[in-house]
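The next block holds one structure in the form of structure tokens; read it before the comments.
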Amino acid sequence: MNEKDQHTDVLVIGAGMAGIEASLMLSKADRKVHLVERTSYTGGTAIKFEEVFSNMECSTCMVAPRQQELLQDKNINLLTLAEVEEVKGSFGKFTVKIHKKARYVDMQNCIGCNACFEPCPVSLKNEFEEGLSERKAIYVPCAGALPNVPMIDTDHCLRFKGKDKDCKACQEACMFEAIDFNQKDEQLELKVGAIVAATGFNIFDSKKAPQYGYGKVDDVYTAIEFERLYASNGPTEGNIVLKNGDAPRSAAIIHCVGRDKKGYCSSVCCMYSLKFNHYLKSKIPEIKISEFYTDLCIPGKSHQKFYEKMKETEVDMIRASEIEVAKQGKGIAVKFSNGNGKKSNLPVDMVILAPAIEPRDDASKLAKILGISIDEYGFFKEENPDVSSVVTSKPGVFIAGCSQGAKNIQDSVSQASASVGKVLSLSK
Amino acid sequence: MERKIGVYICECGPNIAEKVDIDKVIDAVSSIDGVVVAEKYKLLCSADGKKFLEEQIKKQGLTHLVISACSPKDHEKTFMEVCENAGINPYLFQLANIREQCAWITEDKDEATKKAIRLTKAAIKRVRYHASLEKKEIDSNPDVLVIGGGIAGIEASLQLVSPDRKIYLVEKTSSLGGLITNYEKTFPSMEPGSSIIKQKIQDLNNDENIKIFTDSEVEETIGFFGNFEVKVKKITDVEEAAEFDVGAVVLATGSTLFDPKKAPQYGYGKFDDVLTSLEFEKMNLSGGISLKNGKPPKSAAIIHCVGRNEKGYCSEICCMYSLKFVRYLKDKIPNIKVSNFYSDLCIPGKSHQKFYEQTKGNNVDFVRSSDVEVTKKGDKLDINYKNETGSKNNIPVDMVILAPAIEPTSDAPKLAEITSISQGDGGFFSEEHEKINPVSTSTEGVYIAGGAQGPKDIPKTIIQAEAAAGKILSSLIPGRKIEPEVKTSQISESLCIGCKLCLSVCSYGSITFDEAKKISVVNEVICRGCGNCVAACPSGAASVKHFTFNQLYQELMEAVQ
Amino acid sequence: MSKPEDSLKSKGAVISAKTGAKESIIDFLKKAMDKGVFDAVLISMRVPAGDSFAYVLIKDKSLLKDAFPLPPVMSVQGAKAVSSVTRLGKGNMKIAAVMRPCETRATVELAKLGQTNLENITLISIDCPGVLPISDFTGEPNKSMKLFDDAAKKWDDKIMRPVCQICDKSSMVAGDVHIGIHGAKKDTFFIISNSQKGNDVLDKLDITLKENIDSWNAKVKNISEEKQKKRKKTLKDLKSEVGGLDNLLDTFSQCINCHNCMKVCPICYCRVCYFDSDKVKHPPEDYLQRAKNKGSIRFLPDTTLFQTGRMLHMSLSCVSCGACEDVCPVSIPVAQIFSMIADETQGLFDYVSGRDLKESLPLLAYKEEELHEVEDAND
């Protein structure tokens, strides 16, 4: 590659596990990184977990030091509340237009004391907590979010919605003059040499598989909702409770929710479903747990060991099909067919669903902007699946993590490292 | 030299000012011996605050700095930079956390103030005993040793090589390519295996910056990140050896198959026409699938999970390649009946389920089974098994293909020793962190990739090879000096009695034994300052810079007054 | 207690002891030197003044006649003597070191700690009747010698040191070769091999190990069980005397911080003991502050810290040899206390100090599953 006139900066889209790894590695190589993150915080989905398999390490303890490194790294220009609008050019000479929403809080002055939350008169469901608790119009998504600087949700803030143009309750509560209603959204233009897209995933909307009762039957939770219930910084401070406030005496974990519709195995659900055993047993030692699965997918040198250990917690592993979840009396009944074809009915207090991992809603839009293709499942498409899965058909644009396909943290991080490897070896 | 300690207490807005009586703290510490100034400031980490500190340091001629403010995780780095800019050694500084540890944990202002006073005094006491520490810089060699000439090693080499970075690729067999050279096709695209590897091998051979050693083994790698001395010997001619220096090592030595003879119920080695997957691949590649008697098989059984119980893990790729085998068989012998005997179908990966759906079909059975046994019945092989409901069954077949577990190569222990890394689950090389650092090891500068790290398919292997290359490309840059850890351990020559307890507990291999003096010696470049040696040493000969006994003792004693 | 190479100890050799046990052992050693199997012997000898014993490295085999394999006192702990010879290297002489089981075990521990090189040393242990308190002996050496001889012949331990009275490892086979007196027919003793080196040495001396040693095993088991009963009771009483913070402080209140116990302990190998180093020497302000905080401070300070700290450092290797108690000027039962604790700490790891040179020190042996009694306390 011709070294003259090449931009050496790199654009990383998405500040989850893959994006963080890519950014830190690039910075180490003395490259300037523009890390564009759609939300107000870093860490992606991983910071919603309390613990990760298979060593059951505290997830935030694993991620926080990297987030800190990221925030203090002089080579990394973290742009939160930002999205990529346009990409022009080619490998070594991209021009990228970024739309950065105003946070309305000065990131230099704010020290994260949270004093501005209390006086805010607006309360609504917190999306980060999957709607299980509330937040204000000025908020951080959870305790410990980094950067520890709140944002104003202009869709609900009385001032910005025009409902109370004089409301400045938050600004008055701030001792650091950090709240600035005059901030404006920005249009930024960046010149970069390469792009790494690590925008993560969504989970399958379980309402689309109505047989599982999600949204109809109380106490049917998705995996992420359950992670938040167990999280010590979550809506119940880590107490696993039913809607009525009682602790469940029994739980069913249902694998492969949406697998038929999506047409692929999401790779991580068997493992985290086993992890959930530990979650449940550690808070409610006498709870009875049943796992409903079709094929146990636990590849990897350390994963079967994890399974054996979880089995010791006395979980019922039930290979089942035709699963239906319905209300039964005060609780729930899980109907299923087991291997013999025999139909059964298991009453439980709580159901946890393991929904398929799918691409983000805006994946195809971003793919168009980047000039790359998406595959038949909607994930970013690698050019040649037999070789490097981070290389797209557009030179200079690399993909990593779950944006390329469902995978666990180890593989997401590996792909991020591989993307950086590609960037560094192809451009000096 | 006279000590002039400056103490600055941050108000942190209302955070500390409202919860701690800062003036009381200032009163309590102003008259301590050595303290020449004790003041408060609104927000020390702000641009103004940093400027203020720098000016103060110069104006007051301070030799040591103590700040009582927030957590070191937040701003220790910030204030250390302030010290450097103002001309004092950044290690002659101590940060006392009176926010997270005082102001933010109690509403009782009295309690908070008392504790803040203790913490500040403790920091002042400690900082007295601090020593200036200097950053070190050493030259580094950007070249890389890649051990293993399979797809991982080849990919890593091609990714890494450049005019200012030489690659030394050591392969123990006489040719490059590894296991892929045996595969007619690879899943899920079913493209020829050779298409992946042929061009790459050519590129490798043509690159003048890559030196390839075939029929060779690595004898030793001595040194540390940026500075390894390598010795390579030819297996067939031990006299022929090569010595060279590199900065990093990539272990891409692949894997091998579990020996099915150790699971005699499968009849391997006893009956004809019972093959391992690799034997079947080779047979398929050579042109014809046939039985020992020369005839093509009319039926075949593929048995998954051979050796899985013995090894204790799922080898990830066997279900997929078993499906590939179904296709091989159907391509070459369209009417053949194939039965797959499996326990759980493991097909993660976005295109893998589709591959499975498209492999199912006429005369292709998937039998979920357990207790599978291969016996001989007449001139046919007989598969005895228990099906899902637990009832016994049997199917006669002409040919049996076993999918054995994937295990580390037999030289893995030797390689682990040579490179000072450990073997973990399954005997595969241990990564530094299962989730966030899968290709690094606990020895800085040694990376692992591909089958050597754990069973995986070709795309994942390539990713790990590229990841290892990425790690090296970002941290071992030609011309760039390496800054090793400053706060390292040191062992007193006069106190060390040579019991080697420290050596045994050092996870990084940074302690060596000087046979002449009979004492342990720390290599400050490799040492990461973890302190294991300090804990293990009974005589206190080992201590970590910036965490010496005195520093910790004085801080603690003052804090618990 | 699992032992390595157990098959070695089902058979032994029988050696004639017509001239008396001591003389026969010396004879055996002399023959070994004659044949060149050993170049020198490290063994106890009575000092010229007659009132004590010392370890002597004998090169001139004619001096062997004055050797005293099992003296009535433990003056220098044998392991210290061996360690002094080969701390800095293996030397070029083949040496036989004849000592008690506890001294042999301590030597094995020191070898694990890099403080002695056993390559050219053959460790020979003997069934031990115990020893007298040193102070008892030095007062009236000749009378004590006779008392000891009589008691030893009957294996009666009433006059031996308290820690010897509760020793259940007085016949433990450690090292390379063991001389078994128990259960041997009149005028004979057993020779038992414990290692390949032991085998080789006996081989060179044309001693074949084909005799049945069941009678030795039985008698040793018998004695060990009796001692264990006594040990259990004694230590139970001791625990109630010494256990708990108040009792502990009282027990060690007599300690004058002379560090004699540390100095004679074979396991205390540090060049400068932690508790003699600068780390325990504080500026005057520290002491004055402590006096201010508590009202007063005793000098020399930190005696309990010294005792418990030393315990922490050496307990996993402690062989209960009792050298420490012999030299305590204020008669604290240190050996009994440390021995009691050693049982517990070594028990946590199923470790017995000195039984196997190849067995790793508990501190360095990583087992994925261990210490559940501590780990799972709150689960």
The simple spin-label model distance between B:Ser494 and A:Gln72, using points 7 Å out along Cα→Cβ, in nm, is 3.7 nm
Per the 1/(1 + (r/R0)^6) rule, R0 = 30 Å and r from the Cβ atoms of A:Asp316 and A:Asn55, FRET efficiency to 0.05 is 0.75
What distance in nm lies between label points placed 7 Å from Cα along the C-beta direction at B:Leu556 and C:Glu369?
3.5 nm
Keeping to pairs on different chains or 8 or more places apart, tell me how many lysine pairs in segment C:254-379 have Cα atoms under 29 Å apart.
8
I'd like the GluC sites (Glu not before Pro) in segment B:105-149 restricted to DSSP loop residues with at most 13 other Cβ atoms within 10 Å, sorted by number.
B:Glu107, B:Glu134, B:Glu137
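Going by how many other beta carbons lie within 10 Å of each one, how would you line up C:Glu370, A:Glu127, B:Glu558, fewest first? Present the calculation step by step, with values, prior to reporting the outcome.
Numbers: C:Glu370 14, A:Glu127 11, B:Glu558 20.
Lowest count first: A:Glu127, C:Glu370, B:Glu558.
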Once the in-chain neighbours fewer than 8 apart are removed, the lysines whose Cα is under 28 Å from C:Lys233 read C:Lys3, C:Lys153, C:Lys154, C:Lys158, C:Lys169, C:Lys219, C:Lys221
Does a label point 7 Å from the Cα of A:Asn345, set along Cα-to-beta-carbon, have any residues of segment A:217-232 with amide nitrogen under 17 Å, and which are they?
none
What aspartates and glutamates could a cross-link reach from C:Lys112, if we take a straight Cα to Cα line under 12 Å and drop same-chain neighbours fewer than 8 places away?
C:Asp356, C:Glu359
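Where does each of B:Lys4, A:Lys327 land when they are ranked from fewest to most other beta-carbon atoms within 10 angstrom? Display every interim value, and only then the final one.
On the way: B:Lys4 17, A:Lys327 14.
If I rank by nearby Cβ atoms, fewest first, I get A:Lys327, B:Lys4.
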Aspartates and glutamates with Cα under 16 Å of B:Lys392, excluding same-chain neighbours fewer than 8 positions away
B:Asp371, B:Glu373, B:Asp382
7 Å from Cα along Cα→Cβ at both C:Asp200 and C:Asp246: what's the point-to-point distance in nm?
6.0 nm
Please give me the summed charge of the neighbours of A:Gly371: other residues whose Cβ is under 15 Å from its Cβ, Lys and Arg +1, Asp and Glu -1.
+3
Expressed as an acute angle from 0 to 90° and rounded to the nearest 10, what is the orientation of the C-alpha long axis of helix C:303-314 relative to the principal long axis of chain C?
40 degrees
Residues with beta-carbon under 9 Å from that of B:Gly450, excluding B:Gly450: net charge, scoring Lys, Arg +1 and Asp, Glu -1?
+1
Relative contact order (percent) for segment B:5-133, with alpha-carbon contacts under 8 angstrom and 6 or more residues of separation?
31 percent
Within segment B:23-53: backbone nitrogen closer than 13 Å to the B:Glu2 label point (7 Å, Cα to C-beta)
B:34-37
Linear extension gain, B:Glu84 paired with B:Gln265, 0.36 nm per residue minus alpha-carbon span
58.1 nm
Would you work out which of B:Gln94, B:Ala152, B:Thr181 lies farthest towards the positive end of the dipole of segment B:92-226, given +1 charges on the beta-carbon of Lys and Arg and -1 on that of Asp and Glu, about the Cα centre?
B:Gln94
Counting DSSP beta bridges with both ends in the protein assembly as shown, the antiparallel % (nearest 5)
50 percent
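How much FRET efficiency would the formula 1/(1 + (r/R0)^6) give for B:Glu515 and C:Val272, where r is the Cβ-Cβ distance and R0 is 30 Å, rounded to 0.05?
Numbers: r = 22 Å, r/R0 = 0.73.
Here the calculated transfer efficiency is 0.85.
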Quick one: net charge around C:Ile341, please, counting Lys, Arg +1 and Asp, Glu -1 for every other residue with C-beta under 13 Å from its C-beta.
0
If packing is taken as the average count of other Cβ atoms within 10 Å, what order do C:167-177, A:242-252, C:275-285, A:133-143 fall into, highest mean first?
C:167-177, A:133-143, A:242-252, C:275-285
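Just so you know, all these numbers are worked out from the coordinates, no wet-lab data involved. Worth saying up front: this structure is predicted, and the values here are computed from it rather than measured. FYI the Cβ positions are ideal-geometry reconstructions off the backbone, even for glycines, and counts take in every protein chain you see.
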